[in-house]
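Contents: one structure, followed by commentary.
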Ligand code: 8Y4
């Protein structure tokens, strides 16, 4: 479980790692997939790797609440040229953020090393195609669909519900030949959850470690941070680092974020403290052994 094989590349999970978010959705300058978009995406990815990102998550469809779905062919047009460019220019694994089997297959051929699916392979054929790629998969919990998920989120017990859902998806994966050692899990902060649900998940995140799989968390810039601080998206970095530190203390293995440098600093502080904790627990500290 410490080394995750991501296609031709591997991800060392002996310490928590940072996943940098690379959006290749259209903006006012370009519409994704064209030369200018690919060049800008590559530059952004290289900057995140320089800041310490251990994996880059490429997404061609906005999954924000209320966002409209994108056709499969368009999503492939946007992400494939970027993945090919990244595979040639950076050495860290590349993750594909998609729920569509056709995009998973095209991304894997282009050099992607991990499938990050907010729908946890519930789309028709997604389980079979993900199995076919042989790539690891991050299974994320989401209640409802992106367009409507924030309308009436409801849970009996959010943590128990998320764990039950993830267990059922892990079983579904195993049944199609995706072994456990290729799986990661994510509670899906903000996906069909009210503030109280998100806070419960963060407070009780450690319970998800009972699944015995690497725990991925995405908190960066999300609305829960806006609700807690009253700040706009661009001013949520400090709140994100605070939330990240809590997630790390509760067992997170991968932090998915826009703000890589800040998250890497949080991981460094956490790792140094965790090392001392381990030394005290095993009686191996040189300082403790002085007397
Ligand atoms: C500002 C910017 C406010 C972005 C909100 C957002 C997760 C994920 C997303 C996650 C995993 C997002 C694709 C939502 N969130 N994948 N994807 N975990 N594994 N919203 O939490 O970033 S997109």
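Every number in this text was worked out from the coordinates using simple rules, so none of it is lab data. In this text the structure is predicted, and so the values were computed from the model without any measurement. A quick note on method: Cβ atoms are made from the backbone with ideal geometry, for glycine too, and the neighbour counts reach across all protein chains shown.
Points to keep in mind about this one:
- GNM flexibility winner over the chain from 214, 153, 81 (Cα, springs under 10 Å): 153
- Length released on extending from residue 39 to residue 206, taking residue separation times 0.36 nm less the Cα-Cα span: 56.2 nm
- Between the C-alpha center of the range 126-170 and that of the range 190-259 there is a gap of 17 Å.
- Theoretical FRET efficiency, 1/(1+(r/R0)^6), r = Cβ-Cβ of residue 47 and residue 181, R0 25 Å, to 0.05: 0.20
- Candidates 275, 72, 125: whichever shows maximal mean-square fluctuation once the chain is modelled as a Gaussian network with Cα springs under 10 Å: 275
- Shape of the range 130-175, Cα gyration tensor, a/c cut at 1.5: oblate
- Compared with the direct C-alpha span, the chain from residue 280 to residue 157 gains 40.7 nm at full extension, assuming 0.36 nm per residue.
- Whether the range 156-291 is rounded, prolate or oblate, judged on the alpha carbon gyration tensor where a/c under 1.5 counts as rounded: oblate
- Remark: the Cα gyration tensor places the chain in the rounded category, a/c being less than 1.5.
- On Cα atoms only, tilt of 237-249 relative to the major axis of the chain in degrees: 60 degrees
- Contour excess over end-to-end distance, with Cα ends at residue 62 and residue 74 and 0.36 nm allotted per residue: 3.1 nm
- Estimated inter-spin distance, residue 29 and residue 13, nm [label 7 Å along Cα→Cβ]: 3.4 nm
- When shorter helices are ignored and each DSSP H run of at least 4 residues is given -39500 (n - 2.57), the per-residue value for the chain at 222 nm works out to -13500 deg cm²/dmol.
- Listed residues 274, 39, 243, most fluctuating in the chain (Gaussian network, C-alpha, under 10 Å): 274
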